[in-house]
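What follows is a short report on a single structure.
Every number in this text was worked out from the coordinates using simple rules, so none of it is lab data. Bear in mind that the values here come from a model prediction, so they are computed numbers and not experimental data. Cβ atoms come from the backbone with ideal geometry, glycine included; neighbour counts cover every protein chain shown.
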């Protein structure tokens, strides 16, 4: 796989537009229809497709919060450690602790993640089985 092909995939993942990405990397191509068909052909190649999938996974791993990060954030909000930027009447920006409503919501989400609100109901039902049913008259 060439460096230009890798660059094309990276550009494509930025804009999600085959034509624009192809024309940005392959500057000698001026026609939109040529860029679109060549870009689609390029994306269908196995090595380019594999590189694209690898890059998508890398981007996902870099940009997506894991469960620990979410739990830490919710805990910080619940404890009032998370500050919100608020615009004052003077036009200044002031940092304030999360309000009670936001803190309660964070506490609720944390509690739900620990299963605090689950209700375990165990039911035991016995279904009667009738024998000799064929002997009964209608």
Quiz item: Which ranges mark the helices (runs of 4 or more DSSP H) fully within segment 38-138 that have 1 or more residues being out of contact with any helix residue (DSSP H, G or I) (no Cβ under 6 Å at 6 or more places or on another chain) and under 30 Å from residue 13 (Cα atoms)?
Solution: 46-63, 67-78
Quiz item: Just one of 58, 11 is free of Cβ contacts under 8 Å to residues at least 60 places away in the same chain and surrounded by fewer than 14 Cβ atoms within 10 Å (Cβ to Cβ); which is it?
Solution: 58
Quiz item: Does residue 51 count as surrounded by 12 or more Cβ atoms within 10 Å (Cβ to Cβ), out of contact with any strand residue (DSSP E or B) (no Cβ under 6 Å at 6 or more places or on another chain), more than 30 Å from residue 112 (Cβ to Cβ) and in contact (Cβ under 8 Å) with a residue 40 or more places away in the chain?
Solution: yes
